Amino acid sequence: MAENYLYNDLYNPTDEFVKCGNAIIKNLGEKQDLEAEEPKDYKAEGDEFIRNLKSSADYCQQFFFDTEMTDKKGRRKTKTCQIAPLRSKMVYDLQKEYGVTVNPDDFSTVVYLALWAEGTWSPLASFQGRCSFFAWLRKVVRNVVVEWLTEEGLINDVPSRTTGNTRLALLSRSPTECKMVIDDLMTGSKYYELLTAIYVDRLTKNEIMSRMHTSGEEYEAAKKTGEKKLKDALLRSVEVNEEEVLRNKANRVVTVSSDFVTDMAEWCKTKAGANLLSDVFGTDLSDEEVRVRAKAFLYDFSAKMAWNEQDCYIWRRRFIENVAPTDVALEVNRDRAWLDTRYSQLNRKFKKAIKRWWKANAA
């Protein structure tokens, strides 16, 4: 095992960072009228999975492991196991979060051995039917695999998740999914209306302040407290898979996109002096110090643009952090074509604004 791992101790998340794979399991349901759905008997469904796992070796094989098959024409094909969607999503998340690539076969083996528990299947006893079996399994499996990676020395010791070392990633989910989470965990809370306005209705700060008749300072204080309480509820919840909407904080790797380098070089051509950026960021700086200050400057500058929260997020992810467009499209639940068009529009606005700023401040 562990023959196909790549380890990197640097991790580059960002605020509201979302790591979405192509095989996302949407156990929270499709985008439809939630009131019209029939209640599901998760306990009976889960108990059926558990009975099959305990009683049939063949069922275990097709549940945990891919199977090589040969069709009638002699062609070899792979029949994927039942946990394949969960596995694909989690392998993707682990690579993004810890910089380690997990071999799918190793993943399946670790999960099987942990649940099998030397023939007792004792971990399955904690399933209570308050959510779907696979929603429960996602949480159990993540803990098992992260523990194994830590023991193997492939990732550093992972601290317990708290409200202080995590951040919400709800804006990358659909309003319907956000409504489910907030309804499940915050109904009855005095912060329910505020969180709904932010993550379900997607209102701007000014729109929320007007609706709730509150000042900017009161809004920020309530938002901070409400989000902390929601994170605490997510961490305590068994029914809601917090991995989809809660991300770990960590030290960021400072990166600047090629767009920034190219454009700044163009703007600097008419400047004299050994350090072309010294007028902006200071003299006698190392390359790393320039990158750090450039990134901070771009975050501050983009915050002053007349953009909504999603537009600001898209531009920062693409321009400052140089994230691939396909990844950003997944994060904001849009297709690639829409994302490319929107980023191009935002970038044109930014370039006009930065050139005006440059003319006024770097003469």
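The values are calculated or read from the model by the stated rules, or taken from the named source; none is laboratory data. This is a predicted model, so every value here is computed, not measured. For neighbour counting, all protein chains shown are included, and Cβ atoms are generated from backbone atoms with ideal geometry for every residue, glycine included. Side chains are part of the model used for accessible areas, which takes the heavy atoms of the whole protein and leaves out ligands, DNA and RNA. Shrake-Rupley method; radii C 1.70, N 1.55, O 1.52, S 1.80 Å.
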Query raised in the report: Based on the Cβ-Cβ distance from ALA353 to GLU217, what FRET efficiency comes out when R0 is 25 Å, to the nearest 0.05?
Result: 0.35
Requested in this report: Please state, to two decimals, what the Cα-based radius of gyration of the stretch 306-363 comes to when divided by 2.2 N^0.38 Å (N = residues).
Outcome: 1.23
Report summary line: For the stretch 94-154, the per residue accessible area (1.4 Å probe, Å²) is 40 Å²
**Report entry** Inter-probe distance in nm under a simple model that places probes 7 Å from Cα toward Cβ, at SER237 and ALA360
**Finding:** 4.4 nm
Requested in this report: Amide H neighbours of THR166 under 5 Å, at least 5 residues apart or on other chains, H built in the peptide plane: list them.
Outcome: LYS249
Report task. Name the shape class, rounded, prolate or oblate, that the alpha-carbon gyration tensor gives for the stretch 143-187, where a ≥ b ≥ c are the square roots of its eigenvalues, rounded holds for a/c under 1.5, and otherwise prolate holds if a/b is larger than b/c and oblate otherwise. Result -> prolate
Report task. With a 1.4 Å probe and all protein chains in place, put ASP47, ASP335 in order of accessible area, largest first. Result -> ASP335, ASP47
Query - Residues of the stretch 321-363: accessible area per residue with a 1.4 Å probe, Å² - result: 58 Å²
Requested in this report: At 1.4 Å probe size, with no ligands or nucleic acids counted, give the accessible surface of THR176 in Å², nearest ten.
Outcome: 40 Å²
Requested in this report: With a point put 7 Å past each Cα toward its Cβ, work out how far ALA337 is from ALA125 in nm, to one decimal.
Outcome: 5.6 nm
Report task. Classify the stretch 107-188 as rounded, prolate or oblate from the Cα gyration tensor: take a ≥ b ≥ c as the square roots of its eigenvalues, call it rounded if a/c is under 1.5, otherwise prolate when a/b beats b/c and oblate if not. Result -> oblate
Requested in this report: Kindly flag which residue pairs out of LYS89/LYS228; LYS139/LYS179; LYS96/LYS304; LYS190/LYS229; LYS96/LYS223 have an alpha-carbon separation exceeding 18 Å in this structure.
Outcome: LYS89/LYS228; LYS139/LYS179; LYS96/LYS304; LYS96/LYS223
Query raised in the report: So, in Å, what gap is there between the alpha-carbon centers of the stretch 98-122 and the stretch 182-209?
Result: 39 Å
Query - Residue-span extension gain [ALA44 to LYS205] - 0.36 nm each, minus C-alpha spacing - result: 53.5 nm
Query - log₁₀ of I(q)/I(0) at q = 0.14 Å⁻¹ - the stretch 54-128, Debye sum with one point per alpha carbon - result: -0.56
Report summary line: The answer for the stretch 39-82, accessible area per residue at 1.4 Å probe in Å², is 75 Å²
